[in-house]
1. On the basis of being within 30 Å of residue 148 (Cα to Cα), surrounded by fewer than 16 Cβ atoms within 10 Å (Cβ to Cβ), more than 28 Å from the chain's Cα centre (by Cα) and at pLDDT below 75, does residue 255 make the cut?
2. Out of (1) within 24 Å of residue 195 (Cβ to Cβ); (2) in contact with a strand residue (DSSP E or B) (Cβ under 8 Å, 6 or more places away or on another chain), the odd one out for residue 301 is which?
3. Mind counting the residues in region 258-273 that are part of a loop (DSSP other than H, G, I, E, B) and either modelled with pLDDT of 80 or more or surrounded by 12 or more Cβ atoms within 10 Å (Cβ to Cβ) (or both)?
4. So for region 223-235 (the condition being part of a helix (DSSP H, G or I), surrounded by 14 or more Cβ atoms within 10 Å (Cβ to Cβ) and at pLDDT 80 or above), does at least one residue qualify?
5. List pairs: first residue in region 13-27 and farther than 18 Å from residue 55 by Cβ, second residue surrounded by fewer than 20 Cβ atoms within 10 Å (Cβ to Cβ) and modelled with pLDDT under 75 anywhere in the structure, Cβ distance under 6 angstrom, at least six positions apart or on different chains.
6. Quick check on this structure: which one of 287, 281, 313 is touching a helix residue (DSSP H, G or I) at 6+ places or on another chain (Cβ under 8 Å), surrounded by 12 or more Cβ atoms within 10 Å (Cβ to Cβ), outside the structural domain of residue 196 (by TED's automatic domain parsing) and under 13 Å from residue 342 (Cβ atoms)?
7. What do you reckon, is residue 106 surrounded by 17 or more Cβ atoms within 10 Å (Cβ to Cβ), assigned by TED's automatic domain parsing to the domain that holds residue 185, modelled with pLDDT of 60 or more and more than 23 Å from residue 22 (Cα to Cα)?
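The values are calculated or read from the model by the stated rules, or taken from the named source; none is laboratory data. Computed from a predicted structure; not experimentally measured. Please note: Cβ atoms are built from the backbone with ideal geometry, for glycine as well, and neighbour counts cover all protein chains shown.
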């Protein structure tokens, strides 16, 4: 938990996606009782608590719920492959999946508007398999030191997994390899960038688990090591993490300045309602807030079947500034942003 609190990814999440941090509490509780259910088979209490925290996670935020499902799938798959109570694992996973199905049906029946949230999962897989070029490097939103840190910790997780597998410690192997695989899947560079940056920030959970477990293994392996030496080693590792988090915190701040926000408001007031707004991912939430229309990061021919206009927001100071769209008309020109409109062909 110490590593979790001081993780630079955790701090970035606090700055960019505060709601995900708040709801991560339910996700952590779900992960704890999922492990208990898979390894100890403690019966109805663990099953009830696992389902309870899964439902709370699902009711809180789609991203946290997606991570809970991913962790459950990876955990159960590894448990079945290594032969850790295969019958009990299959029974528990079937029960959890049935709960998810019932939850989806009830949610859609009572709150039809929730279908939009579930459809985001479908759109993710559509974007994932549409083109291998949709993704971008994680360095788009993380500094090189953060990328190197994530890579090193995931590498440590796989090394620990190999060690536990060779030692035939099934439960330990299940824990380490599951969280490491989950962390790796969250940071694959070919994931579309509009999803990737959220996934990587959630990596603070598997990374914290891996580091915490590595410290416990050092303590178990070095039984003869003096307590002072072990404390120094722990403080050294923690100091590096805290310094990195402090450096990352200095680069945090609002996604838009007040003058930029004022321009976005002025631009949003003249955007037609039957349109799709194409803009930079960095301003995604603000664009949704000021325009009250569909927001996308790239144009698509499918949009013309439902909408009358495509509206392009151009950031004049962006190093990746695209040229004005062909056959478009400028409808707003500010100091920081320009707005171009394209009518249906």
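1. No; evaluated as a whole, the condition is false for this residue.
2. (2)
3. 4
4. No, there is no match, as no residue in region 223-235 is part of a helix (DSSP H, G or I), surrounded by 14 or more Cβ atoms within 10 Å (Cβ to Cβ) and at pLDDT 80 or above.
5. Hits for this filter: 15/252.
6. Numbers: 287 fails: under 13 Å from residue 342 (Cβ atoms); 281 fails: under 13 Å from residue 342 (Cβ atoms).
Checking each option against the conditions leaves just 313.
7. Against the criterion (surrounded by 17 or more Cβ atoms within 10 Å (Cβ to Cβ), assigned by TED's automatic domain parsing to the domain that holds residue 185, modelled with pLDDT of 60 or more and more than 23 Å from residue 22 (Cα to Cα)), residue 106 does not qualify.
Here's the yes/no breakdown for (1) within 16 Å of the chain's Cα centre (by Cα); (2) in a helix (DSSP H, G or I); (3) surrounded by fewer than 19 Cβ atoms within 10 Å (Cβ to Cβ):
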position: 25; (1), (2), (3): yes, yes, yes
position: 29; (1), (2), (3): no, yes, yes
position: 33; (1), (2), (3): no, yes, no
position: 45; (1), (2), (3): no, yes, yes
position: 55; (1), (2), (3): no, yes, yes
position: 73; (1), (2), (3): no, yes, yes
